[in-house]
Structures are given as structure tokens and as C-alpha cells.
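**Student:** Shown below is the structure under consideration.
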Amino acid sequence: MEQIMYCGVLVFLAILSADDIKEKKVSVRKVGVGAVAAILGRIFAGQFLIMEMVWGCVPGLILFALSVITRESIGKGDGIVVMVLGLWTDVQWVILTGCLAIWAAGIFALICLLRKRKEPIAFVPFLLLGMEVLLLYA
């Protein structure tokens with residue numbers, strides 16, 4: 001059942017990545033559907049642990065707070081997506097995925113800076129990449 005949950009989170013992130021790349025924003029409806037799917041998946045897997053899910057959302061709450069503090073230099077949607085990611089997995093996976101995503105986005109941002117491109121960077125695709133790397137190597 002755990003593999004099904006990881007497939008679910010990959011599909012969730014892939015769908016949101018396409019939107020984030022095209023529009024530089026994520027659909028509230030799709031995020032909501034992802035959250036409901038995560039909760040239902042945990043219920044069916046027998047892994048519905050409230051405190052684990054709450055702790056899984058904490059990194060997203062921190063990212064959301066940083067979004068407010070930086071006046072959306074970091075998108076609020078990114079924080080919300082990371083919160084939902086915490087519903088799918090546990091806090092350790094969220095932190096590791098987030099660290100890998102920030103690392104990869106930083107490299108991409110550096111390349112953009114060297115090319116003198118100053119458009120917003122879609123973060124959700126980097127979350128997808130981070131989750132894929134974790135699933136392959138962890």
C-alpha cells in the first residue's frame with residue numbers, strides 16, 4: 001500500500017508541476033483534491049495517524065509563513081503544496097524532498113541568473129524531482 005501512496009504523490013506533484021510551469025501558480029481545486037486523496041489513501045492503508053499528518057504539514061506551514069514574510073518571493077501555493085505533501089508522506093520525507101527541491105531550484109536559479117533571465121521559477125517541478133530522487137535512492 002505504501003507504493004500506491006508514493007505513486008499517488010508523484011501523480012499529484014506531476015499534475016501540479018504542469019500547471020506551475022505554464023501559469024506560475026497552482027490550482028486550489030487540484031490541491032484540494034490531492035489533500036482529500038492523501039487522507040483517503042491513508043485511511044484505506046490503515047495509516048491515518050493524526051499527529052504524523054500534522055507534523056508532516058509543519059514544513060509547509062513554515063514555507064507558507066516565509067511566503068507571507070517575503071511578500072510572496074516564495075509563493076504561498078508552494079507552501080500549501082508542501083503541506084499537502086506532508087499528508088501523503090511523513091515529516092522526514094517532506095524535509096528531505098524540500099531540501100532536494102531547494103538545492104535543485106538553486107542550481108536552476110543560478111543558471112537563470114548567469115543567462116540574465118529574471119522570470120519567476122516554478123517550484124513544484126523541483127518538489128517532484130526531489131520526491132523522485134528520494135524514491136529511487138532512499
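The values are calculated or read from the model by the stated rules, or taken from the named source; none is laboratory data. Source: prediction; values computed, not measured. Every residue, glycine among them, receives a Cβ derived from its backbone with ideal geometry; neighbour counts consider all protein chains shown. In case anyone asks, the SASA skips ligands and DNA or RNA and just uses the protein heavy atoms, side chains included. Shrake-Rupley method; radii C 1.70, N 1.55, O 1.52, S 1.80 Å.
**Student:** Just to verify a result, which residue in region 104-138, among those that are under 15 Å from Lys24 (Cα atoms) and among the β-branched types (Val, Ile, Thr), is most open to solvent (accessible area, probe 1.4 Å)?
**Tutor:** Ile121
**Student:** Taking interchain pairs and intrachain pairs at least six residues apart, which have beta carbon atoms under 8 angstrom, with the first residue in region 54-71 and closer than 14 Å to Val94 by Cα and the second acidic (Asp, Glu)?
**Tutor:** Short answer, once both residue conditions are applied: Trp55/Asp90; Gly56/Asp90; Leu63/Asp78.
**Student:** In region 80-95, what residues are within 11 Å of the chain's Cα centre (by Cα) and open to solvent by 20 Å² or more (accessible area, probe 1.4 Å)?
**Tutor:** Within region 80-95, the subset within 11 Å of the chain's Cα centre (by Cα) is 80-89, 93-95.
Passing the criteria: Ile80, Met83, Leu87, Trp88, Trp93, Ile95.
**Student:** For region 67-123, which residues satisfy the criterion of being among the β-branched types (Val, Ile, Thr) and under 17 Å from Leu136 (Cα atoms)? Don't jump to the end; show me each part of the working.
**Tutor:** Quick first cut of region 67-123, residues among the β-branched types (Val, Ile, Thr) only: 68-70, 74, 80-82, 84, 89, 91, 94-95, 97, 102, 107, 111, 121.
Of everything in region 67-123, those that are among the β-branched types (Val, Ile, Thr) and under 17 Å from Leu136 (Cα atoms) turn out to be Thr89, Val94, Ile95, Thr97.
**Student:** Output the qualifying pairs, or none if there are none: Cβ atoms under 7 angstrom, residues six or more apart or on different chains, first residue in region 102-124 and touching a residue at least 40 places away in the same chain (Cβ under 8 Å), second residue among the charged types (D, E, K, R) and assigned to a loop (DSSP other than H, G, I, E, B).
**Tutor:** Pro120/Lys24; Ala122/Lys24
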